[in-house]
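First the structure, in the form of structure tokens, and then the observations on it.
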Amino acid sequence: MIQLYNGGAYVLNGSEIIPDSPDAQKVLAGKMAQVPSKEEARKQTIAYGILKQHNTSGSMEKLQIRFDKLTSHDITYVGIIQTARASGLEKFPMPYVLTNCHNSLCAVGGTIHQAVIHQYAREMLSGGGQMILGSDSHTRYGALGTMAMGEGGPELVKQLLNQTYDIPMPGVVGVYLTGEPVRGVGPQDVALAIIKEVFANGYVNNKVMEFIGDGVGKLSADFRIGIDVMTTETTCLSSIWKTDEAIREFYEIHGRPEDYKELNPGGTAYYDGTYDRYAVPSQQRVYD
């Protein structure tokens, strides 16, 4: 089942949800010695920390982001490179990976999850606490601790010309996972159940989805990746997940243990929206 909260919520120690209400501060006061303000608690999300690290504006209300890396596939990179060169590009200011994969994989029935552009980025570009901008809509590497965004070519051109990605500070929605999948339920089932609940009502529109809760640890790295890549279909801006030993192992397997970073929300994190996702749906719930 999925429970959407009508307003924001505090999450204590990554494990207890306290819905925002007139009594929320009293509830918090009964559980901790010093209660942070809502604005201070907002700074304790994983997303806030990553965005702050990459913001160059000096104001967290209006962000001017510089990404760590860029990636494009064969449908988009020719126009991006040509536009950047015509606009004065002389050298690449950051790593930029170009893959010949999207048209060819579509021709043979390739999938979003397995597309070369994304799998290469996961295995070779991702890094804990980093940000990647891609010109494919499913640029999502949040399960590996990397906040990634898919945008049109002009935004990549701007990065190549040492300009910034300018947006208001997005809201952050906590996705609290509990339980574990039953046999026969895969990541697409979980992703589609989430999309069903949040797409039409715009619950996560242009916000960052932050996956937390004890259910995260019950999922393999690949299962998390399968859910994460589909967050694009919710209309969210980006996604980020708490990380653990499963993600550390992913980086070790691919020879990059130094790129792993443990990510968790702070002790009292405030989310602009929160929903519980119980990852043990009945077959009726998944397929209705």
Have a look at E197, E258 and point out the one that is out of contact with any strand residue (DSSP E or B) (no Cβ under 9 Å at 6 or more places or on another chain) and more than 26 Å from S135 (Cβ to Cβ).
E258
Any idea which residue in segment 137-154 is farthest from Y10 (Cα to Cα), counting only those that are open to solvent by 30 Å² or more (accessible area, probe 1.4 Å) and part of a loop (DSSP other than H, G, I, E, B)?
G152
Residue count, segment 54-80 (criterion: open to solvent by 40 Å² or more (accessible area, probe 1.4 Å), part of a helix (DSSP H, G or I) and at pLDDT 95 or above)
0
Can Q44 be described as under 27 Å from G145 (Cβ atoms), modelled with pLDDT of 95 or more and in a loop (DSSP other than H, G, I, E, B)?
yes
Positions within segment 123-135 being touching a helix residue (DSSP H, G or I) at 6+ places or on another chain (Cβ under 6 Å) and either of a type in the set (D, E, K, R) or open to solvent by 10 Å² or more (accessible area, probe 1.4 Å) (or both), in sequence order
S135
For residues that are over 14 Å from E197 (Cα atoms) and open to solvent by less than 10 Å² (accessible area, probe 1.4 Å), scanning just segment 220-238, find the one that is nearest to the chain's Cα centre (by Cα).
S238
Residue that is within 19 Å of I132 (Cβ to Cβ) and at pLDDT 95 or above, where the choices are F223, F250:
F250
Anything in segment 8-31 that is open to solvent by 30 Å² or more (accessible area, probe 1.4 Å) and under 23 Å from K242 (Cα atoms)? List them, or say none.
N13, S15, E16, I17, P19, D20
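The values are calculated or read from the model by the stated rules, or taken from the named source; none is laboratory data. All figures in this text were calculated on a predicted structure; none of them were measured in a lab. A quick note on method: Cβ atoms are made from the backbone with ideal geometry, for glycine too, and the neighbour counts reach across all protein chains shown. Heavy atoms of the whole protein, side chains included, go into the accessibility calculation; ligands, DNA and RNA do not. Shrake-Rupley method; radii C 1.70, N 1.55, O 1.52, S 1.80 Å.
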